[in-house]
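A quick write-up on the structure given underneath.
The values are calculated or read from the model by the stated rules, or taken from the named source; none is laboratory data. This structure is a prediction, so every number in the text was calculated from the model and none was measured. Because the Cβ atoms are built from the backbone with ideal geometry, glycine has one as well, and the counts that use them run over all protein chains shown.
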Amino acid sequence: MRKVFSGLVMLMLLVGTLAAGFKIQPASADNVDWWPMFHHDLSHSGTSTSTAPTTNNTLWTYTTGSYVWSSPAVVGGLVYVGSADDKVYCLNVATGSFVWSYMTNGSVYSSPAVVGGLVYIGSLDRNVYCLNATDGTFVWSYTTGGPVEYSSPAVVGGLVYVGSYDYRVYCLNAATGAFVWSYLTGSYVWSSPAVVGGLAYVGSADHNVYCLNAATGALVWNYTTGNWVESSPTVVGGLVYVGSVDNKVYCLNAATGAFVWSYLTNATVQPSPAVASGLVYVGSNNDNIYCLNATTGAPVWSYMTGGYVQSSPAVASGLVYVGSSDDNVYCLNATTGAPVWSYMTGNVVRSSPAVANGVVYVASQDDNIYAISSGVLLSVGSNVTVSPTNNLNLTFANVTAAGIATASGTPTVQAPVLNNTVGLYYVINVMASFSGNVTVSLAFDGSNMTQQQKNSLTMVQYTPIVGDVQSPFGTVNMRDIAYIARHFGTNSASPNWDPVCDLNSDGKIDMKDMALVARHFGFTASWVIITTYVDTTSNVIYGSTTHFSFIGIHS
């Protein structure tokens with residue numbers, strides 16, 4: 001009871017701050033936790049502080065010219081990814097619209113790193129490329145002695161680190177592409193270097209994990225596993241986590257390379273582990289995703305997909321996202337492994353998900369790049385047809401309607417609210433609600449309309465409804481605070497557990513959930529509203545049929 005009371009007091013303080021005129025603003029582009037390189041960061045943690053989707057709505061898809069094994073990077077409102085059609089693509093983060101592409105001379109399996117307005121990526125044509133992040137123009141390239149296949153660049157301190165099929169790890173000048181050093185291993189390097197504390201960590205098919213001096217390339221230590229190391233090391237908390245084709249996940253001391261623990265999965269471990277909150281998440285070719293204790297290697301849970309897992313997991317907001325060869329992207333509870341949702345693509349998902357600004361970006365062997373979100377969702381370019389009948393029936397054509405709570409494909413029409421010589425004024429509700437600050441742009445066929453009638457559709461702004469647990473589509477108020485306070489301190493195993501109070505989906509109700517309520521206190525749900533005029537004599541909407549095109553809805 002003391003915990004509930006103290007939590008409620010802290011929540012009241014947060015609400016009081018809002019009432020006093022201090023408004024908590026949603027994240028801006030400047031403070032979004034973007035995903036700038038393979039597995040998020042230089043340590044390859046695979047972990048983002050971004051909010052993350054709890055439902056599997058399609059925000060957009062983009063089709064490239066071939067299959068996509070590359071993992072997306074997401075920076076500054078743009079998505080970057082390579083494709084087997086020899087191109088590097090840049091897309092708009094909210095709509096998936098094409099921004100630019102750059103043609104290399106080989107398939108691009110490598111994942112991009114975006115640093116300082118530049119994109120760094122490898123290609124099977126043996127080159128490492130540096131491109132302008134804004135327009136895709138060529139800056140420089142460096143030719144290695146072999147294909148740069150799955151190794152993805154790490155960029156830090158003005159240097160670029162990447163592996164090649166010529167058995168070498170390369171260090172290049174990030175501004176010019178000039179050679180700085182290379183280190184010769186005993187076999188190909190598919191692994192992507194992690195660079196932490198002046199040291200570069202990378203695996204090789206010669207069975208070794210290497211630690212190199214990042215400035216000079218000198219060997220610091222190496223550890224020999226029982227088979228190829230195609231996995232990319234993850235370095236967190238002074239420990240190195242890495243998989244091997246010998247079926248094991250290893251944990252090594254980052255400073256010395258000393259063995260700490262290993263876990264046997266009974267199948268090849270090729271993905272890079274993700275490490276968050278004292279837990280290690282990694283997939284295996286025995287179709288499983290494993291969660292292990294980061295300190296001891298003890299198993300916490302496992303989840304079996306329908307195929308081998310070569311995608312590296314991403315962790316955000318208490319959820320784990322990972323692809324599988326069964327064509328699905330999975331979302332699991334990070335604490336329990338319980339499935340939250342799955343998303344079916346058209347082929348194997350080897351690409352590793354990126355999570356940024358509340359959206360999961362991932363690619364598939366079906367040639368597509370996907371953006372999956374809890375927000376948005378009337379699909380771009382879809383039409384709502386208004387039939388010229390007395391009761392103004394509306395029908396949807398190719399419209400995907402979905403929201404954070406519910407959405408309906410059957411719009412309703414209110415009674416006329418204006419009656420004059422010009423016509424009857426109707427308000428048409430499309431019945432969809434969304435979480436977050438969302439803006440919708442609307443347009444329609446105005447071939448038979450006056451300019452005044454064409455201007456009758458306007459921008460609609462949505463307000464967040466996160467925390468509205470007592471009256472969905474209402475206002476976040478003290479009733480919601482009181483209800484969550486009653487369940488404070490419970491978890492999914494508690495007898496009085498109510499998942500509606502678990503606002504961040506981490507399996508427990510604590511101050512993180514209370515902070516979300518405080519952040520949205522006083523906010524009211526909004527609805528999509530379309531307005532137009534109707535002719536009083538014929539009840540026709542100025543033309544035989546009017547098409548309302550949803551140009552875009554973005555959170």
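Quick grid of which residues meet (1) in the same structural domain as GLY157 (by TED's automatic domain parsing); (2) outside any strand (DSSP E or B); (3) under 23 Å from ASP41 (Cβ atoms):
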{"residue": "SER71", "(1), (2), (3)": "yes, yes, yes"}
{"residue": "ASP85", "(1), (2), (3)": "yes, yes, no"}
{"residue": "VAL88", "(1), (2), (3)": "yes, no, yes"}
{"residue": "GLY96", "(1), (2), (3)": "yes, yes, no"}
{"residue": "TYR102", "(1), (2), (3)": "yes, no, no"}
{"residue": "GLY146", "(1), (2), (3)": "yes, yes, no"}
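If THR216 passes every condition in (1) surrounded by fewer than 20 Cβ atoms within 10 Å (Cβ to Cβ); (2) farther than 29 Å from LYS87 by Cβ; (3) among the polar types (S, T, N, Q); (4) in contact with a Ser or Thr (Cβ under 9 Å, 6 or more places away or on another chain) but one, which one does it miss?
(4)
Return yes or no: is THR51 more than 14 Å from LEU131 (Cβ to Cβ), part of a strand (DSSP E or B) and out of contact with any strand residue (DSSP E or B) (no Cβ under 6 Å at 6 or more places or on another chain)?
Taking the combined requirement at face value, the residue does not satisfy it.
Among the residues of region 223-244, are any part of a strand (DSSP E or B), surrounded by fewer than 23 Cβ atoms within 10 Å (Cβ to Cβ) and of a type outside the set (A, V, I, L, M, F, W, C)?
yes
Listed residues ASP506, ASP468; which is modelled with pLDDT of 75 or more and either closer than 29 Å to VAL359 by Cα or crowded, with 17+ Cβ neighbours inside 10 Å (or both)?
The match here is ASP506.
Please specify each residue of region 245-259 satisfying the condition of being crowded, with 18+ Cβ neighbours inside 10 Å and either without any contact (Cβ under 8 Å) to a residue 40 or more places away in the chain or assigned to a strand (DSSP E or B) (or both).
VAL245, ASN247, LYS248, VAL249, TYR250, CYS251, LEU252
Taking region 150-182 on its own, how many of its residues are crowded, with 22+ Cβ neighbours inside 10 Å and either modelled with pLDDT under 95 or out of contact with any strand residue (DSSP E or B) (no Cβ under 6 Å at 6 or more places or on another chain) (or both)?
Number of matching residues: 3.
Every residue, every condition in (1) among the charged types (D, E, K, R); (2) modelled with pLDDT of 85 or more, yes or no:
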residue	(1), (2)
LYS3	yes, no
LEU13	no, no
PRO26	no, no
TRP35	no, yes
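Test each condition in (1) more than 28 Å from VAL196 (Cα to Cα); (2) surrounded by 19 or more Cβ atoms within 10 Å (Cβ to Cβ) for SER66 and report the one that comes out false.
(2)
Take the conditions part of a loop (DSSP other than H, G, I, E, B), assigned by TED's automatic domain parsing to the domain that holds GLY77 and farther than 18 Å from VAL81 by Cβ and apply them to GLY136. Does it pass?
no
Any idea which of VAL209, VAL275 is crowded, with 16+ Cβ neighbours inside 10 Å, in contact with a Phe, Trp or Tyr (Cβ under 7 Å, 6 or more places away or on another chain), over 21 Å from ALA316 (Cβ atoms) and in contact (Cβ under 8 Å) with a residue 40 or more places away in the chain?
VAL209
So, in region 316-343, of the ones that are assigned to a loop (DSSP other than H, G, I, E, B) and under 15 Å from the mean Cα position of the chain (by Cα), which residue ends up farthest from HIS40 (Cα to Cα)?
The extreme case among them is GLY318.
Of the numbered conditions (1) in contact with a Pro (Cβ under 8 Å, 6 or more places away or on another chain); (2) surrounded by 24 or more Cβ atoms within 10 Å (Cβ to Cβ), ALA316 fails exactly one; give the number of that condition.
(1)
Could you tell me which of the residues VAL155, VAL180 is in contact with a Phe, Trp or Tyr (Cβ under 7 Å, 6 or more places away or on another chain) and either part of a strand (DSSP E or B) or of a type in the set (A, V, I, L, M, F, W, C) (or both)?
After ruling out the rest, the residue left standing is VAL155.
Would region 278-298 turn up any residue that is among the acidic types (Asp, Glu) and touching a strand residue (DSSP E or B) at 6+ places or on another chain (Cβ under 6 Å)?
So far as region 278-298 goes, yes, one or more of its residues are among the acidic types (Asp, Glu) and touching a strand residue (DSSP E or B) at 6+ places or on another chain (Cβ under 6 Å).
Checking ALA354 against (1) small (Gly, Ala, Ser); (2) modelled with pLDDT under 95; (3) under 19 Å from THR61 (Cα atoms), which single condition isn't satisfied?
(2)
Please find, within region 249-295, the residue that is modelled with the lowest pLDDT out of those that are over 28 Å from the mean Cα position of the chain (by Cα) and of a type outside the set (A, V, I, L, M).
Across region 249-295, the extreme among qualifying residues is ASN266.
Could you please tell me which pairs satisfy a Cβ distance under 6 Å, a separation of 6+ or placement on different chains, a first residue in region 164-187 that is under 20 Å from TRP228 (Cβ atoms), and a second residue that is assigned to a strand (DSSP E or B) and of a type in the set (Gly, Ala, Ser)?
Close Cβ pairs satisfying both conditions: ARG168/SER182; VAL169/GLY163; TYR170/SER182.
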